[in-house]
1. Here is a check on your reading of the model: is Val117 in contact with a Lys or Arg (Cβ under 6 Å, 6 or more places away or on another chain), assigned to a helix (DSSP H, G or I) and not hydroxyl-bearing (Ser, Thr, Tyr)?
2. If you check every pair at least six apart or on different chains, which have Cβ atoms under 7 Å apart with a residue in region 102-129 that is at positive phi first and a residue that is modelled with pLDDT under 95 and of a type in the set (A, V, I, L, M) second?
3. Working only within region 89-104, note down all residues that are part of a helix (DSSP H, G or I), modelled with pLDDT of 90 or more and of a type outside the set (Asp, Glu).
4. Please enumerate the residues belonging to region 13-28 that are among the charged types (D, E, K, R) and within 11 Å of Ala87 (Cβ to Cβ).
5. Somewhere in region 34-49, is a residue touching a helix residue (DSSP H, G or I) at 6+ places or on another chain (Cβ under 8 Å) and modelled with pLDDT of 95 or more?
6. When both residues are 6+ apart or on different chains and their Cβ atoms are under 6 Å apart, which pairs have a first residue that lies in region 27-45 and is touching a residue at least 12 places away in the same chain (Cβ under 8 Å) and charged (D, E, K, R), and a second that is surrounded by 14 or more Cβ atoms within 10 Å (Cβ to Cβ) and part of a strand (DSSP E or B)?
7. Return yes when Ile21 is at pLDDT 95 or above, under 16 Å from the mean Cα position of the chain (by Cα), under 19 Å from Phe95 (Cα atoms) and part of a strand (DSSP E or B) and no when it is not.
Amino acid sequence: MINNVKNEPSFKKAGAITLFIGVVRGEAKKGEKVQKLELEAYEEKANQTLTNICDDLRKKPGITDVQIHHLLGEFNVGEDLVYVLVAGSHRQNIFPVLEEAVERYKNQAPIFKKEYVLTKQGEKKAYWLEEKDHDS
């Protein structure tokens, strides 16, 4: 991902790169122990949404590139789920855009999470999460 950005002609204007990596958290909101997370998506729509977000954010002053790569499938605690990269002319430009990119993909992309947990009572449960219920 970083090499792709560095190979872009626009990279010669960049002075900074920031990278957000979302990982599977080991504890659910209610204190349950997370066993794994399953991610599914309406892939065509999700890919288009991520592309649109990146294209839009690249237009911001001082930004040379924005990339979002969200993984799908089953993931264990600690495994990577998403990479969001922003390159720009100065660090002051990139941090706000990185945060906006993360918030926008979480709110706009049709990506769905199923959390498999072990309750405090030792019971195994699985349920689909709404984005407002869970952050990655």
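1. Taking the combined requirement at face value, the residue does not satisfy it.
2. If the second residue must be modelled with pLDDT under 95 and of a type in the set (A, V, I, L, M), no pairs are left.
3. Those that are part of a helix (DSSP H, G or I), modelled with pLDDT of 90 or more and of a type outside the set (Asp, Glu): Gln92, Asn93, Ile94, Phe95, Pro96, Val97, Leu98, Ala101, Val102, Arg104.
4. Initially, region 13-28 is screened for residues among the charged types (D, E, K, R), giving 13, 25, 27.
Passing the criteria: only Lys13.
5. Filtering region 34-49 for residues touching a helix residue (DSSP H, G or I) at 6+ places or on another chain (Cβ under 8 Å) gives 49.
Add one more test, that the residue is modelled with pLDDT of 95 or more, and what stays is 49.
Yes.
6. Final answer for the pair search is Glu32/Val117; Lys33/Leu118; Lys36/Tyr116; Glu38/Lys114; Glu40/Phe112.
7. Details: at pLDDT 95 or above: yes; under 16 Å from the mean Cα position of the chain (by Cα): yes; under 19 Å from Phe95 (Cα atoms): yes; part of a strand (DSSP E or B): yes.
So Ile21 passes the test.
Every residue, every condition in (1) in a helix (DSSP H, G or I); (2) touching a residue at least 12 places away in the same chain (Cβ under 8 Å); (3) in contact with a Lys or Arg (Cβ under 7 Å, 6 or more places away or on another chain), yes or no:
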| position | (1), (2), (3) |
| --- | --- |
| Thr49 | yes, yes, no |
| Cys54 | yes, yes, no |
| Phe75 | no, yes, yes |
| Val82 | no, yes, no |
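The values are calculated or read from the model by the stated rules, or taken from the named source; none is laboratory data. Owing to the predicted nature of the structure, the values given are computational and were not obtained by experimental measurement. So basically every Cβ, Gly included, is an ideal-geometry build from the backbone, and we count neighbours across all protein chains shown.
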